[in-house]
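Heads up: the structure comes next, in structure tokens.
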Amino acid sequence: MPEAADAVKPEGEGEAPAEAEEKTAEDDEPLPEGEEGAHQSQEITGLFLQHPETTVAITGTDIVFTAKVDSTTLSRKPTIKWLKGKWLDLGSKAGKHMQFKETFDRATKIYTWDMKIIKVVPGDAGAYRCEVTSKDKCDSSAFDISVEGEWDILGTLTTLPLRQWDAGEDEGSLDFSALLKKKPVVDEEKADVWEILKNAQPSEYEKIAFEYGITDLRGLLKRLKKMKTVEPKHSDAFLKRMESAYSVDKGKKIVLQVEVVDPNAQVKWLKNGQEIKSSAKYIIESVGNIRTLTINKCSLADDAAYECVIGEEKSFTEVFVKEPPVTITKLLDDYHVVVGERVEFEVEVSVEGAHVNWMFEDQELSRDTHKYRFKKDGLKHMLIIQEATLDDIGMYWCFTNGGRTKGELEVEEKELEVLQNIADLTVKAEDQAMFKCEVSDEKVTGKWLKDGVEVLPSSRIKLTHIGRIHRLTIDDVKPEDAGDYTFIPDGYALSLSAKLNFLEPPKIHLDTTGNMVSQNTIIVVAGNKLRLDVEISGEPPPTVVWAKGDTAITAVEGRVRTESRKDLSCFVIEGAEREDEGNYTIIVTNPAGEDKAHLLVKIVDVPDCPENVKCTSVGEDCATMVWDPPKFDGGAPVTGYLMERKKKGSTRWTKLNFDVYEGVTYEAKRMIEGVLYEMRVYAVNGIGMSQPSLNSKPFMPIAATSEPLGLKVHDVTDTTCTLKWLAPEKIGAGGLDGYVIEYCKEGDTEWVVANTELVERQTYTVRNLPTAEKINFRVVAVNIAGRSPPTGLSQPVTIREIVGEFSVARRNRTEWFTIYEHNRRTNCTASDLIMGNEYMFRVFSENLVGKSEDFCLSKDTAIIPKIGLEYNPPPFKEKDMQSAPKFIQPLLDRSVVAGYSTAISCAVRGFPKPKIRWLRNKIPLDENPRFLMQNNQGVLTLNIRKPSQYDGGKFTCKAINSLGEDVVECTLLVREKVECKLEIQSM
């Protein structure tokens with residue numbers, strides 16, 4: 001669809017023509033039908049992730065503004081507009097001065113737009129706006145650009161050259177024609193713009209220029225400066241001078257008039273210092289005292305400075321010529337054509353004879369090329385492509401100095417419908433072969449190719465074309481006629497292909513001798529090479545496919561590969577491995593059919609090593625070893641095993657058997673008790689001996705310990721029983737790893753293990769026992785050789801309920817110390833007593849309710865005698881704690897409000913205790929009642945009650961003792977109290 005291209009031109013589309021960039025169209029066209037409502041329904045939302053920021057730029061430097069939008073929640077791609085002021089769309093200004101860039105991050109779905117202004121000029125200063133829209137959502141961000149430089153009082157930058165008034169502006173420079181909305185026409189006789197400007201403030205110049213259609217703001221400021229700097233003076237030659245400046249529309253006439261004192265005086269008219277001669281364009285008249293210069297059909301060349309000269313006196317004025325922008329009144333249409341058709345893009349502009357520029361994608365179209373024709377017809381401008389090609393597909397642009405439009409061209413290839421395609425043929429020798437095809441256009445001609453070479457008619461080969469049918473007939477077919485045949489219609493990118501084959505079914509001739517042990521089985525020893533040559537036949541030569549199971553073997557290089565020769569297919573396995581065993585298939589096919597053969601390749605190898613070699617039991621000089629057979633026997637039955645052993649840490653292995661041992665359990669003998677051994681096993685079959693198994697865990701030929709001694713009950717509660725015992729009498733070389741405690745109810749035969757881990761101590765408390773049950777206990781010693789015989793109690797233990805407890809206390813002098821709590825026995829032993837002291841003991845009874853009120857004292861006291869020891873303490877040397885005063889926390893400066901109590905504090909240390917003195921402005925405060933001095937463990941505080949402005953100053957704290965003194969100071973600032981009055985006015 002046609003589209004008015006007012007959006008920012010993406011990076012890479014090239015620069016617009018200079019004329020299109022120097023001026024922009026008036027933005028006063030009504031919105032298309034239905035579009036106005038769409039704009040009104042857009043919701044203002046926060047789309048920006050990053051807003052352009054207000055910037056202060058230095059003249060001549062580059063600045064970049066960046067805006068970012070997250071499109072994850074948007075249904076359509078967002079579009080952006082960069083605007084200056086309220087109306088000026090900067091999209092048409094893309095060029096050397098302004099550059100726009102758009103990027104998209106596919107990972108984060110964030111769009112980034114950059115606007116770069118190159119070599120900032122004072123005219124770039126102002127208010128800008130960035131608008132982003134996406135379907136029914138929009139957002140706007142405003143920012144300002146300030147340009148720093150040397151400005152005069154009129155607001156012009158004196159360090160930069162002003163632009164000339166003619167059309168020779170740099171590409172990309174800003175103008176203000178886009179801001180010229182449909183303003184009411186101002187009668188110049190009623191309102192002189194230059195009089196308004198002379199009386200206006202500099203901040204209002206831009207607004208007035210927009211209102212009166214002046215586009216060159218810097219030229220305006222230059223002329224206004226000259227007008228303001230020229231002081232009117234009395235003239236002896238002129239009664240009335242020309243106004244300081246005039247403005248006129250392009251194509252209109254203007255009359256410049258002066259009144260002279262002497263009616264006979266001769267005047268000269270000058271334009272930019274050059275004398276003007278009377279002509280059809282410039283009419284010079286003299287009537288009485290009035291002298292006039294009339295300029296007909298003003299053009300941009302008439303925009304200049306004019307002077308009327310009488311002798312040495314001059315009357316000076318400036319003429320501004322306003323040129324309206326050329327707008328596009330009819331937009332470009334999109335075209336969809338086929339190759340070779342004529343394309344004519346047409347656009348209408350607002351001014352007859354206006355200059356337009358055409359672009360294709362990012363390249364400007366030249367009028368020198370023969371491919372494109374450019375035509376003008378009044379307001380219409382046409383771009384004509386005589387014969388469209390696929391290279392012409394793309395976007396075409398038309399630019400004026402007031403706008404731009406675009407249209408898309410789509411080109412499709414010509415299509416020829418194939419009603420009947422040619423088919424492959426398979427024939428026998430001396431038969432006839434005929435290829436036939438039918439196309440939709442009977443006028444289409446073509447040519448036949450065989451293997452890429454054109455087929456020429458002969459006595460055997462005939463080429464015919466009747467209507468829409470094309471035929472190729474070959475009589476008496478020979479082997480050399482086989483190949484690929486193609487028909488190519490002239491003028492179309494189309495080809496029809498088929499193949500001519502001979503009919504001879506494929507056949508596999510399999511040789512069953514050699515490695516064959518049966519008709520279709522091949523046995524290969526692992527590591528050896530297998531090469532199987534299979535003879536095949538068929539015409540055309542059949543295609544051979546080797547496969548293992550359902551997987552085709554296509555490699556022609558490597559360890560497993562296939563090789564092809566004439567009438568022979570080879571299958572090769574270099575260094576056969578166990579994984580190569582399986583069912584193989586060879587399939588040969590050609591258009592006449594297929595043949596298939598199945599082979600079983602069996603790989604025989606030494607077996608895998610045995611697994612899980614471990615020691616199950618040991619004796620004083622023997623050990624019983626067991627292992628699992630290998631998972632894979634190598635394709636041949638395992639005949640037996642060979643065993644080896646070594647001492648741990650050694651590298652020398654000793655064979656245990658020279659004849660093959662058939663079992664998986666073996667008792668190794670003739671070992672040394674107390675020495676750690678490791679063992680490994682080999683498996684043997686008809687091919688050879690396997691790799692050794694993993695070493696077994698180290699084991700030691702030792703005997704188990706004897707049973708523990710002296711098992712007895714130490715304590716019993718309602719759910720626990722504490723046992724004690726002695727170590728076994730015989731432990732042996734295997735040492736003792738720990739004990740296992742087991743119990744069972746009286747009458748049961750199932751013993752329950754009480755401890756999850758071996759107990760190293762010779763006491764253990766069995767918990768969670770059933771109350772009031774009779775339980776049998778036994779203890780077993782464990783080492784690397786296994787369990788010892790158990791030791792049990794002579795009778796079961798009754799797990800009784802708690803009926804009472806005792807607390808035992810001792811007294812030393814007048815203090816009582818508790819030595820036992822919750823003692824359930826009627827006796828106890830007090831330990832950790834001091835020699836030479838005398839102790840008395842008392843006992844309380846206790847149950848679930850609590851401790852008894854009375855207690856029982858021991859009849860006799862216990863005296864702990866000294867055993868001839870005498871303690872001679874070292875002589876005590878008292879440490880000298882004296883030190884001079886030193887402040888460890890200084891005073892800090894304070895600022896307080898008058899009338900509010902405050903305090904200052906510090907900290908000091910010293911011995912003997914120092915004497916403290918406070919001073920204000922070097923005057924002691926000892927007897928001043930308004931100051932309260934405190935000393936708390938060396939923390940010194942001076943409280944000041946409701947200080948006034950006269951209480952401020954420098955405060956000093958001195959600490960003095962016999963060893964010296966120390967001083968700290970601070971400044972106290974007392975601020976005047978500020979009173980705030982709140983008046984409440986009744987309604």
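Of all lysines in the structure, those lying under 23 Å Cα to Cα from Lys119, and not within fewer than 8 positions of it along the same chain, are Lys9, Lys23, Lys81, Lys84, Lys93, Lys96, Lys101, Lys222. Sparsely packed loop sites in the range 475-578 (the chymotrypsin sites (Phe, Trp or Tyr not before Pro) outside DSSP H, G, I, E and B with at most 16 other Cβ atoms within 10 Å) comprise Tyr492. Ordered from highest to lowest accessible area with the whole protein assembly present and a 1.4 Å probe, His336, His355 read as His336, His355. Taking the convex hull of the alpha carbon positions in the range 537-590 and averaging its projected area over all directions gives 3.9 nm². Built from the Cα atoms of the range 887-945, the convex hull projects on average onto 4.6 nm², one quarter of its surface area.
The overall shape of the range 881-980 is prolate: from the C-alpha gyration tensor, with semi-axes ordered a ≥ b ≥ c, the ratio a/c is 1.5 or greater and a/b exceeds b/c.
Rounded to the nearest whole Hz, the Karplus-based 3J(HN,Hα) values (6.51 cos²θ - 1.76 cosθ + 1.60, θ = phi - 60°) of the range 614-631 follow the sequence 8, 9, 9, 7, 10, x, 5, 9, 9, 7, 9, 10, 9, 7, 9, x, x, 5, with x at glycine and proline.
Near Ala57, the amide H atoms lying under 5 Å from its own belong to Ser146, Val147, Glu148; only residues 5 or more places off or on other chains count, and H is placed 1.01 Å from N. Lys-Lys pairs in the range 510-604 that are eight or more residues apart or on separate chains and whose Cα atoms lie under 21 Å of each other come to 5. The Kirkwood radius of the range 708-799, taken over pairs of alpha-carbon atoms, gives through the Stokes-Einstein law at 37 °C and 0.692 mPa s a diffusion coefficient of 245 µm² s⁻¹.
Given the range 510-604, report the % of alpha carbon pairs whose separation exceeds 20 Å. It would help to have the intermediate numbers written out before the result.
Working: 1477 of 4465 pairs.
Percent of Cα pairs beyond 20 Å in the range 510-604: 33.
Only loop residues by DSSP count here, and only those with at most 13 other Cβ atoms within 10 Å; note down the GluC sites (Glu not before Pro) in the range 595-665 that meet that. Sites meeting the loop and neighbour criteria: Glu662. Per the Debye formula on identical point scatterers at the alpha carbon atoms of the range 817-863, with no solvent, log10 I(q)/I(0) at q = 0.21 Å⁻¹ is -0.84. Put simply, the chain fits an ellipsoid with semi-axes of 100, 78, 24 Å; these come from the alpha carbon gyration tensor as the roots of five times its eigenvalues, largest first.
Put simply, the amide H of Thr798, placed in the peptide plane, has neighbours under 5 Å in Ile775, leaving out anything fewer than 5 places away on its chain. Leu83 sits with roughly 10 Å² accessible to a 1.4 Å probe, with DNA, RNA and ligands left out of the calculation. With the convex hull constructed from alpha-carbon coordinates only, the range 328-412 shows a mean projected area of 5.0 nm² over all directions. At the residue level, Ser459 shows approximately 110 square angstrom of accessible surface with a 1.4 angstrom probe and all protein chains present. Computed with a 1.4 Å probe over protein heavy atoms only, the accessible surface of the chain comes to 59 Å² per residue.
Annotation: amide H of Lys253 within the under-5 Å range of Lys297, Cys298, sequence separation 5 or more or interchain, hydrogens built in the peptide plane.
For the range 418-502, what does the alpha-carbon gyration tensor say about shape, rounded, prolate or oblate, given a ≥ b ≥ c as the root eigenvalues, a/c under 1.5 as rounded, and a/b over b/c as prolate? Verdict is prolate for the range 418-502. Accessible-area rank, largest first, for Val56, Val260: Val56, Val260, with all protein chains present and a 1.4 angstrom probe.
For Met689, the accessible surface of its heavy atoms amounts to roughly 90 Å² (probe 1.4 Å, protein chains only, rounded to the nearest 10). For the range 136-146, backbone phi angles converted through the Karplus equation (6.51, -1.76, 1.60; θ = phi - 60°) give residue-by-residue couplings of 9, 10, 8, 8, 9, 9, 9, 8, 10, 10, 10 Hz, Gly and Pro being listed as x.
Rounded to two decimals, what is the ratio between the C-alpha radius of gyration of the range 614-699 and 2.2 N^0.38 Å?
Here the answer is 1.09, to two decimals.
Remark: the range 282-292, residue by residue, has Karplus-estimated 3J(HN,Hα) of 10, 10, 9, 10, 9, 10, x, 8, 9, 10, 10 Hz, where x stands for each Gly or Pro and the curve is 6.51 cos²θ - 1.76 cosθ + 1.60 at θ = phi - 60°. On a 0 to 90° scale, report how tilted helix 217-229 is relative to the longest principal axis of the chain, with both axes built from alpha carbons and the result rounded to the nearest 10. With both axes taken from Cα atoms, the answer is about 60 degrees.
Normalised by residue number, the volume inside the convex hull of the Cα atoms of the range 446-556 is 190 Å³ per residue. Here's the list of lysines a cross-link from Lys447 could span, going by alpha-carbon distance under 24 Å and ignoring same-chain residues fewer than 8 apart: Lys414, Lys436, Lys462, Lys478, Lys499. Return the calculated 222 nm mean residue ellipticity for the chain, to the nearest 500 deg cm²/dmol, obtained by summing -39500 (n - 2.57) across DSSP H runs with n ≥ 4 and dividing by the residue count. Computed mean residue ellipticity for the chain: -1000 deg cm²/dmol. Dimensions of the range 385-426 along the principal axes, based on C-alpha atoms and rounded to the nearest Å, stand at 71, 16, 15, largest first.
Here is the tail figure for the range 48-148: Cα pairs spaced more than 20 Å apart come to 37 percent of all pairs.
The values are calculated or read from the model by the stated rules, or taken from the named source; none is laboratory data. From a predicted model like this one, the values you see are computed outputs, not experimental measurements. Because the Cβ atoms are built from the backbone with ideal geometry, glycine has one as well, and the counts that use them run over all protein chains shown. The accessibility values were calculated without ligands, DNA or RNA, using every heavy atom of the protein model including side chains. Shrake-Rupley method; radii C 1.70, N 1.55, O 1.52, S 1.80 Å.
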